[in-house]
Structures are given as C-alpha cells and as structure tokens.
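First up is the structure itself, then whatever we jot down about it.
Bear in mind these aren't lab numbers, they're just calculated from the coordinates by the rules spelled out. Keep in mind the model is a prediction, meaning the values are calculated, not measured. Counting neighbours? That spans all protein chains shown, and the Cβs are built from the backbone with ideal geometry, glycine included.
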Amino acid sequence: MSGEDSRREHDLMQLERRLLSAFHDPDTDAEAMARTRRRLREVMVSGARPSRRRLAPVFGAVAATLALVMVAGVVGWRLVSQRATTPSVVKPSATATARPTVAAIDPLNCRLPVVVLLQAGPPGQQRQEVGFIETRTGQYAKDESASVAGLPGGGSPAIAGKPAQPATPWSYSASLGRWLPVLPFSVSPDGQSYVWTRLLPEGSTTNANNFQKAELHRYDVASATDHTLWTYPGSISPFGWDASGILVETTPPIVRMIPQGGMPIRWLLDPETGSAAQLEIAIDPYYRLTRMPGDPTQNGMFSYSTFTFNPKFKGHPLFRIGSRDPGAPEWVLYETAPGQRVTIYRGTQGDATGFDPNQAKDDATGIWFSDWGGPWLWRWEQGSGLHKLPLSGLPSPLAEPHAGVGANPAGPCV
C-alpha cells in the first residue's frame, strides 16, 4: 500500500469514527446521520483522496440512526456460527487492557447493562433509557433508579435557541454498581474513574466553534474528587483508556470535523500525572489493520473500519472489513499480532445469518454485539462461536415515521 493510500485510508477511518460516536448528542438529527453514512461510504470506496469541498456536505448535523426492524423471535440462545480461528501464541503486549479482579460471571446467565435508543424521523427525534438484559432469556427491564446526578461531565449547554441538555447515563460501571454520564471509551479499565472535557471559556461549544481551549478532567467516583489532567488550545476527544494510558485526539478550534488547516493529533496521557506523549498519526498506531493478500476490496480500495467506542478484546482492537451494502463481504476480526487474525464472523452482508453488528462491548471471555437489523444481541466466545439472543420487553417505538428501537451494551455483565 502506498503512503498516499495509507494516509487516505487513515483519514476516512477517523472521519467515520467521529460520525459513529456522535450519536449521543441529543441535538443531532438521525436522518442526517443516515445520509452522512451513505455519502461517507461512497467516498470510502471511490479510491480518490477526498477534498474538503467533497467532504464538506457530508458533515452537517449528525446522529447515529438505528433503522431497526422489529422482528419477532423465539426467546433464547441459538448457535449461529462457529467460524473462529485459533490465534497464534504471542507474547502478551505491554498495552493489554488492565481489568479489575472480579468474581466470575456466566455470560449466559447474567444481567447486561444496555442503553436503549428510540429514534424516528425526519425530523430527527431521539429518546433514551437504560436498563438490563437478562442474558438467559433476553428479557429487558428498565432501571428506574438510574441516575448520574452529582457527577460532572455529560449534557450540553444551551445553543442556537435550544435549551441546555442535562447529563444522562451512557455507560455502566460494574465495580461501582452505578451509571456514568460518559461514553464507554472514557471509563477507566477498573471502572472506578472516567474522563470528561470542559471547553473554555465557560459556555462555549464545538458546534458554535467559539471555544479557545479545552481541559481534560479525571473524576474518581468513589472519592468524589475531580482532577484537571491536561489543557490544550483546541478540542480534546477521548477515544480509549487501557493499561497504556488515556488516548485522546485533539484539533484546533478551526478544525472541528473536517481537517482544514492540518491533521488531528493523537496523544497518550498518563492518567495519574496528565503527562502527554504525541503519537505518530500517519500510521494510526492504535487502530491499524495489516492488509493481507486476498483481502476483499471495493472499487480497488481496501476498506475497513473499527467499532463505535473503539472496543478491544484482550487488548486487541476489533475490525470490520467490507461495508453494509447488500452483498458486500462481511468480515469481523481482530489481530493478535500483525497479520495474525482471529475471525469472529465471515460471510456476506444480508446473508442468512443476518449478523450486522452495530456496537461492540468486550469482557474477559468474549464480546457482545448489538445489531443494526433488529431487537437482538449477539454473543461471541472463542471456541463456541457466535450466538444470537432475541430481546423482549423493550419499549415501544416512537409514534413517528421511520421509528426504531435498539439496545446497545453499556458495560460488563453483572
């Protein structure tokens, strides 16, 4: 792969990642996100380096869309595929995800925390709630006691005539037994702390592009103490926290969604001291899939993506080769070392299996996936393969056109 191809591939992966993680903004529009994904996909497979003019229409108001079809199913587990490959034995990486010591959990008989999104539009509408799925039966129960009151971060200030939005639960800490107001990639590996950002001056927003700098804070929940870790003259976007540290991406104020004056910069921060080391962005050191002979291409271009919230399994990022276009190759995998792949699923988009993963959440023994296509979850474990879990008890869709409802994993099973 040429240096130009590598940089183009890197740019498009990061643009898609920002779009996919934007859904938690209550002011965004679901239909706009659907249009955005379609246009971004067209750009990704075109084989041409996108210009700012070409990409500018792609980035309007964005929100993830869950165009989910409510399909009745028999409650219970069904073995779908056992296509896992056996990984080669490799030396453990120094950056493997640190995990707290907890009692063993049976993933087939536990309570999985989920964020339930109800969306419709246009015009875009969204409502959310949180609760737990009984993984033995697929039964959902809303958590009526869920609250993030008193926790910093989350929400949004008033802007353009819209009222301020309060913080809402977006992830669940099993070690704390409570909901947190930030997305899963902002939570520490042990679940005891999370990072959040503050734009300055107070009240400024990225949408209005009127901020001057940002602060990254670490909040320790048990002790209720907040620490200012780092300040940067631009925006700060966390996208991972593991044993190696906190990974963030920064852009100057003028470079919000489209690189107009330079590439975004990635940093690795020490979660205790806040000391920051700049990472080499040109090769995307955190989420880089090794291209192999025979990999499927679209219009001559090798296209792959990561998942929302950047999940890892045993320290290894998850990847998806192909697109969501009907009939396109469908390959979900991770690498234990460059070129050494473990296949979670390989098939065709729209095939009989119907695996169309949306979000992923790993734990000590496997991975949970939500699905773009319906009210069900998937569980993968090495050795036992991929299982489908139909869900019941979810709230009814909004009484609006193009309404859908889906549940996304928000933390480890309890």
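For this structure, a couple of remarks:
- Cβ-derived FRET efficiency at R0 45 Å, Glu202 paired with Glu381, nearest 0.05: 0.45
- Peptides 194-204, 368-378, ordered by how many other C-beta atoms sit within 10 Å of their residues on average, highest first, read 368-378, 194-204.
- Order of Leu118, Leu279 - criterion: other Cβ atoms within 10 Å of each residue's Cβ, fewest first: Leu279, Leu118
- Rounded to whole Å, sorted largest first: equivalent-ellipsoid semi-axes of the stretch 105-155, Cα gyration tensor: 25, 18, 8
- Fully extending the segment from Glu280 to Ala146, taken as 0.36 nm per residue of separation minus the present Cα-Cα distance, adds 44.2 nm.
- Order by protection proxy (mean Cβ within 10 Å, highest first), peptides 320-327, 271-278: 320-327, 271-278
- Packing-based order for 288-294, 339-345, using average beta carbon neighbours within 10 Å, highest first: 339-345, 288-294
- Simple spin-label estimate for Gln128 and Ala224 in nanometres, 7 Å along Cα-Cβ: 2.5
- Cross-link table Lys142/Lys388; Lys314/Lys388; Lys142/Lys314; Lys213/Lys312, entries beyond 27 Å C-alpha to C-alpha: Lys142/Lys314; Lys213/Lys312
- Across the stretch 283-378 the C-alpha pair distances fall into 5 Å bins from zero in the proportions 2, 13, 24, 26, 20, 11, 3, 0 percent.
- The label point for Gln165 and the one for Thr137, both projected 7 Å from the Cα toward the Cβ, are 3.4 nm apart.
- Note, ³J(HN,Hα) from phi for the stretch 364-377, Karplus 6.51, -1.76, 1.60, rounded to Hz, x at Gly and Pro: 5, 10, x, 9, 9, 10, 8, 9, 5, x, x, x, 8, 10
- In this simple spin-label model, placing a label point 7 Å from the Cα along the Cα-to-Cβ direction at both Ala364 and Asp270 gives a separation of 3.0 nm.
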